[in-house]
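> Before I ask anything, let me first share the structure, which is written out below as structure tokens.
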Amino acid sequence: KKKGKTKKLKQKIKPDEAPVQEMEQAEIEVTENKSESGACFPPTFSVSEIKNKQRRHAMFLKLKEEKRKQKLELKKKKKKERKALGDQAPPKEVPKTIENQRIYDETTVNPEDEEVAFDEGTDEFSAYFNRLTNPKVLITTSDRPRGRTVRFCEQLATMIPHAHVYYRRGLALKRVIPQCISRGFTYLMVINEDRKVPNGLVLCHLPDGPTAHFKVSSVRLRKEMKRRGKDPTEHVPEVILNNFTTRLGHSIGRMFAALFPHDPQFVGRQVATFHNQRDFIFFRFHRYIFKNEKKVGIQELGPRFTLKLRSLQKGTFDSKFGEYEWVHKRHEMDSSRRKFHL
């Protein structure tokens, strides 16, 4: 038997060209319709039903883009309607936020109240507001501070007039406070740190208190800020206190105001702002310039940080036998998110 190689015959099958052309035309029409109307989804469509993760993510992005376009078109339509109506257009709806839906607090301070005026005349800060004393601040840290905390203290000293930075060297605060009083300091500011990051601030008014403990977050030093201005000058800055409306907030605001000298120097054009919103106190330090009668240029100098009040104690710092006016209870849940303390 002779072994021969068998050649396989390749049969070229020629399908009908007409059905293929019809299919291609149908696909082109579908893609054109999709491109004109955007991604079309059925009303009962749910992205979570897609099992493939990549397809699910891609479909979610398409759905999100579709909603964004619909929202933009609706906004443009309303704008055209308002422009067509002119003066007869209905007033704009005010968006509901936690801040404007805030529940009224009974301890809200009325500046014209006689009882409030009497308390202001007899509290621990009355000597400062009557211009009998000038502020002098000592800034110190916890034991063995790291570089970021040290730089933060130095920048605070350049911002607060008559502020001096000293290192603890292992001394307890009960021993530091009598030394501060004997040397004429009116404030003791202690910056605590955790994992090389400033996380706490103890502010003690001398000689009779009170003492406030704050949580510190979102610290930004000057080198970390974009488009910052030159370093602050030695001029006394202006102080702005926003939204310290309750009794507790009023006392905290007076404590911040007593950090700076009473008479600001407007030549320096520097402003220190304490803005209270939802019990978070945001601090900013700016320099301003008047461009014309209507426009003002603002330049941030730094540093910036956020404070959250943890406790307010009567008298000077005493962790064991101190009497507390107010303590933040973490697990005490209010009946509403719109209720605040400051």
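The numbers here are math on the coordinates, done by the rules we state, and not lab data. Everything quoted here is computed from the prediction, not taken from an experiment. All Cβ positions, even for glycine, are placed from backbone atoms using ideal geometry, and neighbour counts span all protein chains on display.
> As an exercise, identify the chymotrypsin sites (Phe, Trp or Tyr not before Pro) in the range 211-266 lying in DSSP coil whose Cβ has no more than 12 other Cβ atoms within 10 Å. Mind dumping the intermediate values first?
Values: sites: 214, 244, 256, 266; in loops: 244, 266.
Loop-located and lightly packed - 266.
> How tilted is helix 17-37 with respect to the longest principal axis of the chain? Cα atoms for both, answer in degrees (0 to 90, nearest 10).
The angle comes out near 20 degrees.
> Of 70, 125, 142, whose Cα points farthest to the positive end of the dipole of the range 36-194 (charges on the beta-carbon: +1 Lys, Arg; -1 Asp, Glu; origin at the Cα centre)?
70
> Still on this model: Any of 223/291; 215/314; 71/96; 174/314 with alpha carbons more than 24 Å apart? Name them for me. All intermediate terms of the calculation are to be shown ahead of the outcome.
Details: 223/291 27 Å; 215/314 18 Å; 71/96 18 Å; 174/314 15 Å.
Where the Cα-Cα span goes over 24 Å, the pairs concerned are 223/291.
> Using the crude model of +1 on Lys and Arg Cβ and -1 on Asp and Glu Cβ, and no other charge, please compute the dipole size for the chain relative to its Cα centre, in debye to 20.
Numbers: 71 positive and 44 negative charges, 804 e Å.
Value, rounded to 20: 3860 debye.
> If one computes the Cα centroid of the range 156-203 and of the range 211-239, what distance in Å separates the two points?
Between the Cα centre of the range 156-203 and that of the range 211-239, the gap is 17 Å.
> Taking only the Cα atoms of the range 128-167, how large is their convex hull per residue, in Å³?
Working: hull volume 2.7 nm³, N = 40.
Considering the Cα atoms of the range 128-167, their hull volume per residue is 67 Å³.
> Continuing with this model, one more query. Taking 25 °C and 0.890 mPa s as the conditions, I'd like the Stokes-Einstein D for the chain in µm²/s, using the Kirkwood hydrodynamic radius from alpha carbon pairs.
The diffusion coefficient I find is 94 µm²/s.
> Among 298, 281, 319, whose Cα sits farthest toward the positive end of the charge dipole of the range 194-342 (+1 at Cβ of Lys/Arg, -1 at Cβ of Asp/Glu, about the Cα centre)?
Selected residue: 298.
> Taking the Cα centre as origin and putting +1 on Lys and Arg beta-carbons and -1 on Asp and Glu beta-carbons, what dipole magnitude results for the range 118-191, to the nearest 20 debye? Show your work: numbers first, answer last.
Numbers: 11 positive and 6 negative charges, 132 e Å.
With Lys and Arg at +1 and Asp and Glu at -1, about 640 debye.
> Looking at the chain only, what percent of DSSP beta bridges run antiparallel? Nearest 5 please. Please report the intermediate quantities before stating the final value.
Details: 42 of 55 bridges.
Around 75 percent antiparallel, to the nearest 5.
> For the range 243-311, state the semi-axes of the equivalent ellipsoid (square roots of 5 times the eigenvalues of the alpha-carbon gyration tensor), sorted largest first and rounded to whole angstrom. Walk me through the numbers before you get to the answer.
Numbers: eigenvalues 130, 40, 27 Å².
Value: 25, 14, 12 Å, ordered largest first.
> With all distinct Cα pairs included, what does the Kirkwood hydrodynamic radius of the range 217-342 come out to in Å, to one decimal, could you say?
16.9 Å
> Quick one: net charge of residue 60's neighbours, Cβ under 13 Å, K/R +1, D/E -1? Spell out each step's value before the answer.
Numbers: positive: 53, 55, 56, 62, 64, 67, 68; negative: 49, 65, 66.
Once positives and negatives cancel, what remains is +4.
> If you don't mind, another one. Only Lys, Arg, Asp and Glu count, each charged at its Cβ (+1, +1, -1, -1), so figure out the dipole size of the range 154-250 about its Cα centre, rounded to 20 debye. All intermediate terms of the calculation are to be shown ahead of the outcome.
Values: 16 positive and 8 negative charges, 84 e Å.
Approximately 400 debye in magnitude.
> If only Cα atoms are counted, what is the Rg of the range 196-271, and what is its Dmax, in Å?
According to the Cα coordinates of the range 196-271, Rg and Dmax are 15.0, 41 Å.
> Same structure again: Just to confirm a number: summing +1 for Lys and Arg and -1 for Asp and Glu over residues other than residue 296 whose beta-carbon lies under 14 angstrom from that of residue 296, what do you get?
On the way: positive: 269, 287, 291, 294, 295; negative: 238, 293, 300.
Charge balance in the 14 Å sphere: +2.
> Could you tell me how far the Cα centroid of the range 277-294 sits from the Cα centroid of the range 93-154, in Å?
Computed from Cα coordinates, the inter-centre distance equals 17 Å.
> Separate question: Rounded to two decimals, what is Rg over Rh for the range 76-181 when you use alpha-carbon atoms and the Kirkwood radius?
Working: Rg = 25.8 Å, Rh = 20.2 Å.
Result for the range 76-181 is an Rg/Rh of 1.28.
> Sticking with this one: Calculated from DSSP H runs of 4 or more alone, at -39500 (n - 2.57) each and per residue, what is the 222 nm mean residue ellipticity of the chain, nearest 500?
Values: 7 runs with 101 residues, N = 342.
About -9500 deg cm²/dmol.
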